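Visitor: Next up is a structure, given as structure tokens.
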Amino acid sequence: MLTLAIETSCDETSCAIIRDGREVLSNIISSQIDIHRKFGGVVPEIASRKHIEAINNIIQEALDEAKCTFNDIDLIGVTQGPGLVGALLVGISTAKALAYGLNKPIMGVNHIEGHICANYIEHKDLKPPFTCLIVSGGHTYLVYAKDYADYELIGRTRDDAAGEAFDKIARALGLPYPGGPFIDNLSKKGNNEAIDFPRVFLENNSYDFSFSGLKTAVLNYLNQTKQKGEEIVIEDVAASFQQAVLDVLVDKSFRLAKEKSSNKIVIAGGVAANEGLRKMMEERGSRENIEIFYPSRILCTDNAAMIGSAAYFNYIKGKKSDLHLSVEPNLGLK
């Protein structure tokens with residue numbers, strides 16, 4: 001079964017052709033990072049316009065690379081939300097036009113579920129149930145995947161997502177956007193115990209996350225150090241900040257895995273590319289006999305292949321969308 005998938009939730013225009021939810025025949029991604037970098041973040045209006053300019057060519061590239069035509073496609077998958085409303089509209093409008101013109105079924109996909117399904121592409125034998133940590137620029141979730149397309153949402157961020165905190169601290173340190181990779185690289189050169197930033201675990205047994213207090217603590221440290229005329233070692237700041245984030249992410253993930261008697265933890269989302277997170281997860285997983293899964297870096301960031309995988313698994317589970325499909329910028333994971 002061939003799925004043509006479209007992803008336009010933020011600043012990547014992407015189209016992919018996926019066979020049976022796991023095999024990537026093509027995954028074309030046009031990134032706008034260089035355009036938005038000068039603004040220090042994504043400008044929604046610019047993102048929408050760039051999606052419109054790119055989408056038709058990206059779809060044709062995906063078909064060409066997969067060596068197929070529209071007639072070979074069985075299902076159209078598209079990101080429904082969450083994301084930027086204007087950007088999502090470009091993808092949804094295009095997908096609905098294709099579904100109508102080709103008389104093919106359409107499946108709206110939750111972007112967060114797409115990140116989870118990126119692991120089905122990377123790890124062909126991975127099957128639910130498993131514990132899943134989703135960490136990206138806009139979202140931090142702890143989920144128990146009971147089955148394909150069947151999730152129990154256990155914990156979520158109450159304020160800043162982990163990736164958002166990375167970007168804000170990177171900006172305060174004078175690093176380019178997106179800040180996560182730069183923080184990760186600097187951390188390798190710094191002392192992660194140099195500064196005692198807070199670890200926010202919230203109430204006893206809570207699986208929710210909160211990173212706004214940590215962000216404020218780092219900003220206060222930078223301001224106070226400048227006022228004292230003392231040197232700021234940005235490598236130590238980056239390493240200490242990142243360690244404070246990772247300690248919470250890893251601890252809660254393993255605590256949930258134990259509670260669910262799960263021997264598999266899956267990491268997903270843009271921050272899943274963080275080398276510090278991967279190393280810490282794998283080291284603890286080795287000690288506690290829990291297997292760790294994460295996608296290759298190209299599948300961690302936004303891409304249509306993961307959307308195609310999610311569309312396929314939702315479709316074969318009997319879920320349905322139609323041409324009345326509309327964008328949901330604040331769509332939650334159910």
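Visitor: Taking the Cα centre of the range 128-297 as the origin and placing charges on Cβ (Lys, Arg +1; Asp, Glu -1), which of Val266, Ala239, Gln227 is farthest toward the positive end of the dipole?
Guide: Val266
Visitor: So how much slack lies between Val85 and Leu153, counting 0.36 nm per residue of separation and subtracting their Cα-Cα distance, in nm?
Guide: Working: separation 68, 0.36 × 68 = 24.48 nm, distance 2.37 nm.
Between Val85 and Leu153, full extension yields an extra 22.1 nm.
Visitor: Let me ask something additional. Kyte-Doolittle cut-off 0.0, length cut-off 27 Å along the helix's own axis using Cα: show which whole DSSP H helices in the chain pass. Let's see the in-between values first.
Guide: Working: long enough: 44-66 (31 Å, -0.37); 234-259 (38 Å, 0.27).
Span-like helices in the chain: 234-259.
Visitor: Let me ask you something else. Going highest first, how would you order 64-70, 225-231, 126-132, 138-144 by mean Cβ packing within 10 Å? Spell out each step's value before the answer.
Guide: Numbers: 64-70: 14.3, 225-231: 9.3, 126-132: 19.7, 138-144: 23.9.
Order by mean packing, descending: 138-144, 126-132, 64-70, 225-231.
Visitor: Figure the gain on full extension for Asp251 and Asn185 (residue separation times 0.36 nm, minus the Cα-Cα span) and round it to one decimal in nm.
Guide: Extra length from Asp251 to Asn185 when fully extended: 21.5 nm.
Visitor: With a 10 Å cut-off between alpha carbons and a GNM built on the chain, which of Tyr151, Tyr221, Tyr315 moves the most?
Guide: Tyr221
Visitor: Rounded to whole Å, give me the distance from the Cα center of the range 230-304 to that of the range 1-59.
Guide: Centre-to-centre distance over Cα atoms comes out at 26 Å.
Visitor: Taking a spot 7 Å from the Cα of Ile33 along the direction of its beta carbon, which residues of the range 287-317 have an amide N less than 14 Å from it?
Guide: Output list for this probe position: 297-303.
Visitor: How would you rank Phe166, Phe39, going from fewest to most other Cβ atoms within 10 Å of each one's own Cβ?
Guide: Ascending number of Cβ neighbours within 10 Å: Phe39, Phe166.
Visitor: How much length is gained on full extension from Asn205 to Leu222, taking 0.36 nm per residue of separation minus their Cα-Cα distance?
Guide: 2.9 nm
Visitor: Also, quick follow-up: In deg cm²/dmol, rounded to 500, what helix-only [θ] at 222 nm does the chain give when every DSSP H run of at least 4 residues adds -39500 (n - 2.57) and the total is split over its residues? Mind showing how you got there, number by number?
Guide: Working: 11 runs with 150 residues, N = 334.
Taking each H run of at least 4 residues, the total per residue is -14500 deg cm²/dmol.
Visitor: Oh, and also: Would you give the gap between the C-alpha center of the range 129-164 and the C-alpha center of the range 87-116, rounded to a whole Å?
Guide: Each part's Cα centre sits 22 Å from the other's.
Every read-out reported here was derived from the displayed coordinates using simple, explicitly stated rules and does not represent laboratory data. Since we're looking at a predicted model, the values are computed, not measured. Every residue, glycine among them, receives a Cβ derived from its backbone with ideal geometry; neighbour counts consider all protein chains shown.
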